[in-house]
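J.: Could you have a look at this structure, given as structure tokens, before my questions?
The values are calculated or read from the model by the stated rules, or taken from the named source; none is laboratory data. What you see is a predicted model, and the numbers here were worked out from it, not measured in a lab. Cβ sites come from the backbone with ideal geometry, for glycine too, and all protein chains shown count toward neighbours.
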């Protein structure tokens, strides 16, 4: 699959649905489906192929269906299925298989917008319907572009140290977001176990210890250079619970947030 195939084609969304349970995709002729995992992971069963665990995205092609999607019995998962067609019909479109991205936040934002516009129930004029159709088409083109481009990028082999360095850079930029071990391991293209070993080998810390250390350092800088309240600082560096923030802060610095601020005066 390459960008040359995409140049003469226009993707049109026919259906977009959210699922959290197992199902089978029939893949009718001339209809394609894009599975995007938003939480957890799923297992794909396809004809006589080996089951495939998917934690990001998978492109389904009618020539290779049907696809059985299985959600783990003991875990929760959420995924989106976008059914689309390509016009003009008859042109080759061979996108099929697992897709990866480094831009999950962008993808999920566009998914939220697609779901929102699809679920709107108030009457629309012909002009509004046309504008909405074009907007949805542009977002789908953007999603396909990101997956095509970044899947090619991740196919280029990188050293383990380079991958961890990229994760450290990402954490330093996005420390205030909800960062989980599985999400960062997936971003690095590694299993959780392998990522855990390499991360500690390279940093001397576990991922969570590194994240907490980073957040507390950022909090100290905020205390030194702003007049924000401790609860505001806690939220800005990624702690939802102030008491958890206070506990971690004291463990890392030896003082409570209030004592730290008082000592600076």
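A quick yes/no check of all residues on (1) in a helix (DSSP H, G or I); (2) at pLDDT below 90; (3) exposed (fewer than 14 other Cβ atoms within 10 Å of the Cβ):
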position: 112; (1), (2), (3): yes, no, yes
position: 122; (1), (2), (3): no, yes, yes
position: 135; (1), (2), (3): yes, no, yes
position: 144; (1), (2), (3): yes, no, no
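J.: While we're looking at this one, here's another question. Can you spot a residue in the stretch 44-55 that is within 30 Å of residue 167 (Cα to Cα) and in contact (Cβ under 8 Å) with a residue 60 or more places away in the chain?
T.: yes
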